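Written below as structure tokens is the structure these notes are about.
Every number here is computed from the coordinates shown, using simple stated rules; none is lab data. The model shown is predicted, which means the values in this text are computed figures rather than measured ones. Cβ atoms come from the backbone with ideal geometry, glycine included; neighbour counts cover every protein chain shown.
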Amino acid sequence: MTYSTLLYEKKDGIAVVTLNRPDKLNALNSTVYTELYDVFFSIENDPEVRVAILTAAGEKAFAAGSDIAEMQNMGPLEIQHFMATIRKASDFIYALTKPMIAVIHGYALGGGCELSLCCDLRICSEKARFGQPEINLGLIPGAGGTQRLTRLIGAAKSKEIIYTGDMIDAATALELGLVNKVVAPEKLMEEAMAWATKLAGKSGPVLAMAKMAINTAVDSDLTTGLNMETKCNALCFATDDCKEGMDAFMEKRKAVFKNK
Ligand code: CO8
């Protein structure tokens, strides 16, 4: 698959998507969001892919936000169209049935931070910097930041980050629960691949059930979430992998999952 703003590779069940506009600090324009939707649609429908990684080219940034040059002369109607393009990609990535890991070095600002929030897990370099600086441009986050950031780290800290527009460092992001793990820059991709490899060894359908249940917890009330947990578990019991997991335990051997 070839894209003008992304790189794509696949190895041993792990898909790696790389944002590739390093000269613009991987600013996210309409083409990037459209191509992100396309590549993740392919990933979702590719049975060989078990886990996806989203990373970025260049030394300085994961993504420094949505493309200000593109937005600069938009009016309300054009921005709604742009936001629909963002929404289509973001919502699809968030709901992907396969685990998604964002691998973040350098700046993850505005739409860049919001894109990482659509992933399941975030691993970053000690040098990463996060922020929602839209307030300094006279706007507010528009790629899900007021919603996904708030659900992840709570209203008070989200308000602090969004109202001030200040950046936070990797250690603060870890403390807030914005990222799962912080590692030395030279270890970033190695650690991300180790994580991805571990997840690729689990049962894909069962991971999808775990993701659906947890996403329901984020998006709804407790009763709805508990009902979803029950249904997802019932579906796990319809898989060969569930039988294999329990048989392997009883037979004191390592389970070999077949993704069925
Ligand atoms: N959009 C477009 N171009 C960008 C962006 C961006 N977000 N960020 C950086 N660039 C470009 C620069 O213009 C520059 O291009 P050129 O070399 O052609 O002049 C190149 O990338 C390198 O950037 P800098 O020279 O600025 O690099 P510095 O190291 O000096 O600074 C910073 C790095 C601090 C990250 C700085 O680039 C910066 O502040 N960038 C903008 C950060 C920002 O405000 N992000 C939020 C954008 S708005 C957003 O994401 C909204 C999402 C919701 C949209 C929905 C509709 C409302």
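Quick look at the numbers
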item: Neighbourhood net charge (10 Å Cβ-Cβ; Lys/Arg +1, Asp/Glu -1) for Gly204; result: +4
item: Check: the chain dipole with +1 on Lys, Arg Cβ and -1 on Asp, Glu Cβ, in debye; result: 580 debye
item: Estimated vicinal HN-Hα couplings, Hz - the stretch 43-56 in sequence order (Karplus 6.51, -1.76, 1.60; Gly, Pro = x); result: 4, 4, 9, 9, x, 6, 8, 9, 9, 10, 10, 10, 9, 8
item: Crossing angle, helix 155-164 versus the chain [Cα axis fit, 0-90 degrees, rounded to tens]; result: 30 degrees
item: At R0 = 25 Å, FRET efficiency that the Cβ-Cβ distance of Lys260 and Ser42 yields, to 0.05; result: 0.70
item: Gaussian network model of the chain, Cα within-10 Å springs - most flexible of Thr197, Thr172, Thr230; result: Thr230
item: Segment Met74-Thr2, length gained on full extension (0.36 nm per residue, minus Cα span); result: 23.0 nm
item: Residue pairs, from the table Lys60/Lys198; Lys10/Lys187; Lys187/Lys252; Lys10/Lys98; Lys11/Lys252; Lys127/Lys157, whose Cα atoms sit over 25 Å apart; result: Lys60/Lys198; Lys187/Lys252; Lys11/Lys252
item: 0 to 90° range, to nearest 10: angle between helix 76-95 axis and the chain longest Cα axis; result: 20 degrees
item: Highest-fluctuation residue, Gln147, Gln132, Gln72 considered, GNM on the chain with Cα pairs under 10 Å; result: Gln72
item: Cleavage-rule hits (trypsin sites (Lys or Arg not before Pro)) in the stretch 209-254: DSSP loop, at most 15 neighbouring Cβ within 10 angstrom; result: Lys252, Arg253, Lys254
item: Sparsely packed chymotrypsin sites (Phe, Trp or Tyr not before Pro) within the stretch 152-260, loop by DSSP, other Cβ within 10 Å at most 13; result: Phe237
item: Distant-in-sequence amide H partners of Ile53 (H built 1.01 Å from N, under 5 Å); result: Ala15, Val16, Val17, Ile101
item: Tail weight of P(r) past 14 Å, computed on alpha-carbon pairs of the stretch 24-68, percent; result: 57 percent
item: Amide H within-cut-off set for Val179, under 5 Å, with H built and near neighbours excluded; result: Leu174
item: The chain - share of DSSP beta bridges that are antiparallel (%, nearest 5); result: 25 percent
item: Whole-number D in µm² s⁻¹ for the chain, Kirkwood Cα-pair radius fed into Stokes-Einstein, 4 °C, 1.567 mPa s; result: 68 µm²/s
item: Value at 222 nm in deg cm²/dmol, rounded to 500, when DSSP H runs of n ≥ 4 in the chain each add -39,500 (n - 2.57); result: -14000 deg cm²/dmol
item: Linear extension gain, Ala57 paired with Asp219, 0.36 nm per residue minus alpha-carbon span; result: 55.1 nm
item: Residue-by-residue Karplus 3J(HN,Hα) for the stretch 190-200, coefficients 6.51, -1.76, 1.60, Hz, glycine and proline x; result: 4, 5, 5, 5, 5, 4, 4, 5, 4, 5, 5
